[in-house]
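One structure is given below, encoded as C-alpha cells.
The values are calculated or read from the model by the stated rules, or taken from the named source; none is laboratory data. Values in this document were obtained by computation on a predicted structure and should not be read as measured data. Glycine also receives a Cβ, built like all others from the backbone with ideal geometry; neighbour counts cover every protein chain displayed. What goes into the accessible areas is simple: the full protein's heavy atoms, side chains included, and nothing from ligands, DNA or RNA. Shrake-Rupley method; radii C 1.70, N 1.55, O 1.52, S 1.80 Å.
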Amino acid sequence: MKITRQKHAKKHLGFFRNNFGVREPYQILLDGTFCQAALRGRIQLREQLPRYLMGETQLCTTRCVLKELETLGKDLYGAKLIAQKCQVRNCSHFKNAVSGSECLLSMVEEGNPHHYFVASQDQNLSMKVKKKPGIPLMFIIQNTIVLDKPSPRTIAFVKAVESGQLVSVHEKQSIKQLKEEQGLVKTTEQRRKKRKKISGPNPLSCLKKKKKAQDTKSPASEKKRKRKRIRNRSTSKVLSEKQNAEG
C-alpha cells in the first residue's frame, strides 16, 4: 500500500515538475486544519513529508494562519504549536488579517510563481485550489498524507499549452531567462547600473554668471557722496566769509 502511494506521488510530482516547474525544496503551505489532522494522526510532518515526496521539503505557513489559530483558543493549541515551527511566508495582509483559507488562496494567485503546495483539510479551500491550474494539493486521510492527482482544470490547462493556445508561467520564465542569457533583454543588474550611471554636469549650470552693471551703486555709497558734497559746500562758505572780513 505504501509503495503504491509513493508511486502515485512520484507520478503526480513528475507531472507538476515537467509542466509547472515545481522543484526541490518543495514549499508546502499548511493551514490550521492540516496541522490539527497531523496532530490527531500522530504524524511527524518533518520526517514523513520528505520521505513521501522523495525530496527536500520546507514546511511553511502565514501570519494569518497563526493569528486564526490563536483566536480559536485552547482546542487548537497543539495545531498552533505545529504551525509556529513552520517558516512564516509574507502575505499581503499586514494590517488586517484574514482567514487562513483566504490567505493561502492569495499566496497561490497569478500562476503560483513560488510553486507552493497547499496542505489543507478544508473542503471549500480545496475546491477553490482545484479551479486554479498548477497548484499541488495535499491532505490527510486515514492518518496518511496524500498528494492529490492533478485537477481537471490543471490537465485542461496543460493540454491548451501543448496545443499552443496558452503559454504557462513556467514557459514564460524560461523564455525570459533565455532572452537575458542571449542579451536580448536587459537584466535587472544592467538596469540598476544604468540608473546608477553618473551623468555629466548640467550644461546650463556651466554658463558664466553675468557681471553686474558697473553703474549700479549701493544706496550706502550714494549717502556717503551726498555727505561729502555737503561738507565741501560748508568749507567753501567759511573761506569766502574769511576773505570778505580781511578785505
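Okay, here's what the table says:
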quantity: Qualifying GluC sites (Glu not before Pro) for region 41-115 [loop in DSSP, other Cβ within 10 Å: at most 13]; calculated: 56, 109, 110
quantity: Extended-chain gain in nm, criterion 0.36 nm per residue less alpha-carbon gap, residue 18 and residue 155; calculated: 48.1 nm
quantity: Qualifying trypsin sites (Lys or Arg not before Pro) in region 27-87, DSSP loop, other Cβ atoms within 10 Å at most 10; calculated: 42
quantity: Residues with amide H under 5 Å from that of residue 62, placed H, sequence gap 5 or more; calculated: 89
quantity: Extension gain (nm, one decimal) between residue 93 and residue 124, 0.36 nm per residue minus Cα-Cα; calculated: 9.1 nm
quantity: Of 74/132; 11/130; 11/67; 7/85; 7/67; 7/74, pairs whose Cα-Cα distance is over 27 Å; calculated: 74/132; 11/67; 7/85; 7/67; 7/74
quantity: For residue 55, net neighbour charge (Lys/Arg +1, Asp/Glu -1) across residues whose Cβ lies under 12 Å away; calculated: +2
quantity: Three-way shape call for region 76-152 based on the alpha-carbon gyration tensor, with the a/c threshold at 1.5; calculated: oblate
quantity: Three-way shape call for region 1-49 based on the alpha-carbon gyration tensor, with the a/c threshold at 1.5; calculated: oblate
quantity: Amide H contacts of residue 26 (H built 1.01 Å from N, under 5 Å, at least 5 apart or other chain); calculated: 56, 57, 58
quantity: Gain in span if fully extended, residue 72 to residue 131, counting 0.36 nm per residue against the direct Cα distance; calculated: 18.4 nm
quantity: Neighbourhood charge, 14 Å Cβ-Cβ cut-off, centred on residue 39 and excluding it, Lys, Arg +1 and Asp, Glu -1; calculated: +4
quantity: Region 1-89, accessible surface, carbon-and-sulfur percent (1.4 angstrom probe); calculated: 49
quantity: Probe 1.4 Å, accessible area per residue of region 46-161, Å²; calculated: 55
quantity: Region 1-113 shape via C-alpha gyration tensor axes, a/c threshold 1.5; calculated: oblate
quantity: Whole-Hz ³J(HN,Hα) from phi, Karplus 6.51 cos²θ - 1.76 cosθ + 1.60, for region 38-43, glycine and proline x; calculated: 5, 5, 5, x, 6, 9
